[in-house]
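**Student:** The structure under discussion is supplied below as structure tokens; questions concerning it will follow.
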Amino acid sequence: MTTTDCPLCAASGQDILWQDALCRVIWIDDPDYPGFCRVILNAHVKEMTDLPETDRQRLMNVVFATEAALREVLNPDKVNLASLGNVVPHLHWHVIPRFADDRHFPDAVWAAPRRPASCRPPAGADLRPRLARVVAALLTPPE
């Protein structure tokens, strides 16, 4: 896969919560998994060890800040972090808040569902902007 046919190289159509020169945090609008985000490296790189150490640390700091924001805003039972790239070999991390009553819990969200859609009330229209504010606050260096 090259940058011309990689769906993660182009940010068009992505709902960006936060970004800098290295990476971006995008919102995945999935009603079964409110708060599902991806942290996507802006360069077409396949593996973490292909990055210089400082970029690896920075990328993981963004992943951790995204997890912390999800925990603060949603208080999930668990947060799953996954970096697969088998289908799209472009470095990215899935950051997925999990709840004991979600469709797949305790299995991965990509497994066969164990139950119908959650009866949990919708997370609310303000979830996306609240999450964006908390991610930005966690990633803004102190002055």
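Derivation of every value follows stated rules applied to the coordinates shown; laboratory data play no part. Quantities reported herein were computed from a predicted structural model and do not represent experimental measurements. Please note: Cβ atoms are built from the backbone with ideal geometry, for glycine as well, and neighbour counts cover all protein chains shown.
**Student:** From Cα pairs below 8 angstrom and at least 6 apart in sequence, can you work out the relative contact order of region 1-136, rounded to a whole percent?
**Tutor:** Taking the mean separation of contacting Cα pairs over the length of region 1-136, I get 25 percent.
**Student:** Working out 0.36 nm times the residue gap between Asp29 and Ser83, then minus their Cα-Cα distance, what length gain in nm do you get to one decimal?
**Tutor:** Taking 0.36 nm per residue and subtracting the Cα distance, the gain is 17.6 nm.
**Student:** Quick one: order Glu143, Glu47, Glu72 by neighbouring beta-carbon count within 10 Å, fewest to most.
**Tutor:** Going from least to most buried by this count: Glu143, Glu47, Glu72.
**Student:** Same structure again: Classify region 1-61: rounded, prolate or oblate, from the alpha-carbon gyration tensor (a ≥ b ≥ c, eigenvalue square roots; a/c under 1.5 rounded; otherwise prolate if a/b is larger than b/c)? Please list the in-between numbers first.
**Tutor:** Working: a/c = 2.05, a/b = 1.36, b/c = 1.51.
Cα axes put region 1-61 in the oblate bin.
**Student:** Related question: Between 0 and 90 degrees, rounded to the nearest ten: what's the tilt of helix 127-139 against the longest Cα principal axis of the chain?
**Tutor:** 40 degrees
**Student:** Give the dimensionless ratio obtained when the Cα radius of gyration of region 15-136 is divided by 2.2 N^0.38 Å.
**Tutor:** Taking N as the residue count of region 15-136, the ratio is 1.07.
**Student:** Need one number: nm distance between label points at Leu22 and Thr4, each 7 Å from Cα along Cα→Cβ, rounded to one decimal.
**Tutor:** 3.1 nm
**Student:** For the pair Asp107/Leu127, report the inter-label distance in nm, with labels modelled 7 Å from Cα in the Cβ direction.
**Tutor:** With each label placed 7 Å out from Cα toward Cβ, I get 2.2 nm.
**Student:** Which order results if Trp18, Trp110, Trp27 are arranged by neighbouring Cβ count within 10 Å, fewest first?
**Tutor:** Taking fewest neighbouring Cβ atoms as first place, the list is Trp110, Trp27, Trp18.
**Student:** What is the distance, in nm, between label points placed 7 Å from the Cα along the Cα-to-Cβ direction at Asn42 and at Ala100?
**Tutor:** Here the answer is 4.2 nm between the modelled labels.
**Student:** While we're looking at this one, here's another question. Give the order of Val62, Val134, Val88 when sorted by the count of other beta carbons within 10 angstrom, beginning with the fewest.
**Tutor:** Val88, Val134, Val62
**Student:** Please turn the phi angles of region 35-47 into ³J(HN,Hα) values with the Karplus equation 6.51 cos²θ - 1.76 cosθ + 1.60 (θ = phi - 60°), one per residue in order, whole Hz, x for glycine and proline.
**Tutor:** x, 4, 10, 10, 9, 10, 5, 6, 9, 7, 10, 8, 10
**Student:** Would you mind getting me the FRET efficiency between Glu72 and Ala117? Use the beta-carbon distance for r and R0 = 41 Å, nearest 0.05.
**Tutor:** 0.95
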